[in-house]
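The values are calculated or read from the model by the stated rules, or taken from the named source; none is laboratory data. These numbers were taken from a predicted model, which means no experiment stands behind them. Here Cβ is always computed from backbone atoms with ideal geometry, including for glycine, and neighbour counts include all displayed protein chains. Ligands, DNA and RNA are excluded from the accessible area calculation, which covers all protein heavy atoms including side chains. Shrake-Rupley method; radii C 1.70, N 1.55, O 1.52, S 1.80 Å.
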Amino acid sequence: MQMLYSLNAVRLMLLIALSFLVPSAAYAAVDLDEGWEYRWGDSPLTEEGVPEWTLGQAPWQWNAISFPSNPPGRNGQEHVWYRITLPEGEWQEPVLYIYSVDLIVQVWLDGENIYQYGTFDDQGRGRFEGWPWHAIPLPEEFAGTPIYFRIFSDYTDIGLWGEVSIMEQPALTLFIVKNSLEALVISGFSALIALLAMIFALLQTEKKSFGSIALFSLSSAVLLLSDSQASQLIWNLPMMWDYLAAGSYYMLPVAMALLLEQWFSDRRPWLINLVWKIHLVYAVVAIGLALMGVVDLSSTYPPFDALLLASLATVTVVVVKRFRQLKIEQQIILAAYGVFCSLLVVDMAVAHGILPWGRVPVSWGTLVFSLAVVMISLWHYARTQQALHRLNLSLEQQVTERTQKAESLARREQARVRLLTFENEKTRVLNDINGELQDCISLNQTFHILARRLPDLCSPLRGRLYQRVENGSAYELLTRWGYAGEPESPLRIETPEGPPPHSQIPARHVQDLDQSWSGWQKDEDESLCLWINLQSATEGAVTMALLFVEVPDEFAADGTDYGVARLFQTLSQGVQKIGIALSSISLREELQKYSYEDALTGLKNRRYFDQLLEHESAVALRGDQPLSLLMVDIDHFKRFNDTHGHEAGDSALKAVAGVLARHFRDSDVVCRFGGEEFVIIMAGSTAKAAYDKARELAHAVRAMPVEHGGFELGHVTISVGVSSWPECSDSPDSLLGLADRALYRAKEAGRDRVEIS
């Protein structure tokens, strides 16, 4: 197949060369443009299978027509017959040439079927087989003989289309090549433009317009090649060429709408975006359904033409409003596209019979578009060359200036190398410290790490680290380094009015970090103080530690290579990052505390109780150990609140909570269940032990006075419900419900008592 295609391509090239040598007179043909007759319907067949209408019967039922296409009075008819008497003439190898047929045809001459395109079924119907041109060989004695055309079409058009003439076979081939030459040349030119645009699109991905231009040029090239009559000479597969033509035709508005969308991207062109998406969906669906045999390819053209006209009108309105805002090269491309679309609309009108038949030079529109792209490219190339020339002159001057600066910078960079190496090492140490801090669960663990690693971070500066104690009223020494053989540092710093001032870098040192060491804020012992702060959800900013560092005289000397200001800035930033890590750990601690602790009483909350009861139930079942649950409710608590106020009620709740916390074992867990209710989980306690403990609790609460604002408000009592597994329940999971019902019975029985399930 590949070899056949190559041979056809070579043959076509030879025919193209020959077409330039043969004069136009050699293509002379006899056009059959008069004497036609038509007849609606389909002919019955004789016993021999010959259509009766080809036998010349009932001549009065035939009607004259100027050209065998779309006779009047169709009214849904899908079958039509045409006939014409062939003229006199002298030909060698005569053929009847037809530009195209809608949709399939049989040709009868002297009662014989001399040609057929398409397949007719028993009802005379058939599927679309493409729109090729037809060369029907004629017998030697055909002059004066009627020739009949049986046609089926469920398309908008029915009949022959375009040109119908008689000529010799060699002349027809040259005629086809001559008529297709323009389209072939322009198609090749457009394909080259598409290839170049695609290369630019791949090389300059930020300029998406190249991709759209490549898609448009490629679609135009394929459309011209597929629609040219010479395509059958390359490869005689009409349906393949028709599918290529349809696909490329349907993609043209997609390509142009994509290009416009990119040009108007800053104005959110939703309408143009909708246009290309609708056309893309239509192209995929139409071609897909045609390939699956659901619809004929021919039936997809009329809806698309209507959609294309609507899209062109929409895009035109959008473009006209913004035309002046476009660049000159964009305006040129749009003008070329307008020429192409105008020719396309004229060709569409001819195809649908709105305008009389004629060859519309759609290829000229493609040529205009391609030439516009080439001209713009050449213009941009010329401008680029001019800009490059100016840039070269400027670069030569800048190179001279920068060479001098580079030599100066090189000398400075050599002096900075040791400092940068030093800073990189500090960054590595800081990362290690933060990594270790992230593994800590509590703040107490972090100070051991800081005491061990901060000397590495501060080296070669000596220093001391103090930890906050007594809510910030004092700081105690954690560690010190670099003071070998010197007097001990103070073990404690009293800070009743707050920590000593935090040292700051003066503004002049921030601007130039290579300045010498002078005029910095120091404390009394000539050391710099850095605060290690953290953010607490309850206390806000808290200075958790104080770092004191001292700078040796050799570091502070003028002209030093170490850059003390830069060293101090690096150290200060490192301390800030450590503070962020400590803030994260503190926040986790506080969240952990708040998520399981009742804020008023300090007892565990309902959430903690739910999780613990589930855990203790599983442990009791697994170890076959008893498990008891007490539910406690303060009697007449609402009356107490109404009498003494809610603040007094809070004092009563805290007082009862204090008794509960003191009354039970460390292994027992007391939780505030909600409101004035409390629950106690007693792992390993039997029903009797739990009941006795509950009675003792009730007695202790009864004897406890409630104080608020310096006054005694009397006493409160409690009611207690007790449940125990396995004595009271088949499952530990039911203990809460049983205890609640026991509490209810205690309330009903008069309160200030203990009931067991």
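Observations on the structure shown:
- Computed about the Cα centre, the dipole magnitude for the chain is approximately 2120 debye when only Lys and Arg (+1) and Asp and Glu (-1) carry charge, each at its Cβ.
- With the charge dipole of the chain set up from +1 on Lys and Arg Cβ and -1 on Asp and Glu Cβ about the Cα centre, the Cα lying farthest toward the positive end among the listed residues 469, 63, 136 is that of 469.
- Helix 2-21 and the longest principal axis of the C-alpha atoms of the chain enclose an angle of approximately 50°.
- Per residue, the chain exposes 52 Å² of accessible surface when a 1.4 Å probe is rolled over the protein heavy atoms with every protein chain present.
- Local charge for residue 85 was computed over the other residues whose Cβ lies under 12 Å away, with Lys and Arg +1 and Asp and Glu -1, and equals -2.
- Taking each DSSP H run with n ≥ 4 as -39500 (n - 2.57) and averaging over every residue of the chain yields -17500 deg cm²/dmol at 222 nm.
- Placing +1 on the Cβ of every Lys and Arg and -1 on the Cβ of every Asp and Glu, with nothing else charged, gives the range 644-728 a dipole about its Cα centre of roughly 240 debye.
- Amide H partners (placed H, <5 Å) of residue 158, local residues excluded: 70
- Farthest toward positive dipole pole in the chain [+1 Lys/Arg, -1 Asp/Glu at C-beta], among 79, 280, 51: 280
- Only one residue of 229, 320, 107 has its Cα farthest out toward the positive end of the dipole of the chain, where Lys and Arg carry +1 and Asp and Glu -1 on Cβ, and that residue is 320.
- Proximal charge balance of residue 440 [Cβ under 12 Å; K/R count +1, D/E count -1]: -2
- The angle separating the long axis of helix 606-623 from the principal Cα axis of greatest extent in the chain is about 80 degrees.
- For the range 467-479, 3J(HN,Hα) computed residue by residue from phi via the Karplus equation (6.51, -1.76, 1.60; θ = phi - 60°) reads 10, 5, 9, 6, 6, x, 7, 7, 10, 10, 5, 9, 7 Hz, glycine and proline entered as x.
- With contacts taken as Cα pairs under 8 Å at a separation of at least 6 residues, the chain carries a relative contact order of 7 percent.
- The angle between the Cα long axis of helix 301-322 and the main principal axis of the chain comes to about 60°, on a 0 to 90 degree scale.
- Gap separating the Cα centres of the range 301-373 and the range 187-238, nearest whole Å: 17 Å
- With both labels modelled 7 Å from their Cα along Cα-to-Cβ, the residue 689 to residue 488 distance reads 5.0 nm.
- Packing-based ranking, highest mean first, of 711-717, 580-586, 320-326 given that Cβ atoms within 10 Å are counted: 580-586, 711-717, 320-326
- Note: relative contact order over the range 683-746, using C-alpha pairs below 8 Å and six or more positions apart, is 29 percent.
- The range 715-757 versus the range 66-86: alpha-carbon centroid distance in Å: 101 Å
- Formal net charge of residues neighbouring residue 698 (Cβ-Cβ distance under 12 Å; K, R +1; D, E -1): -1
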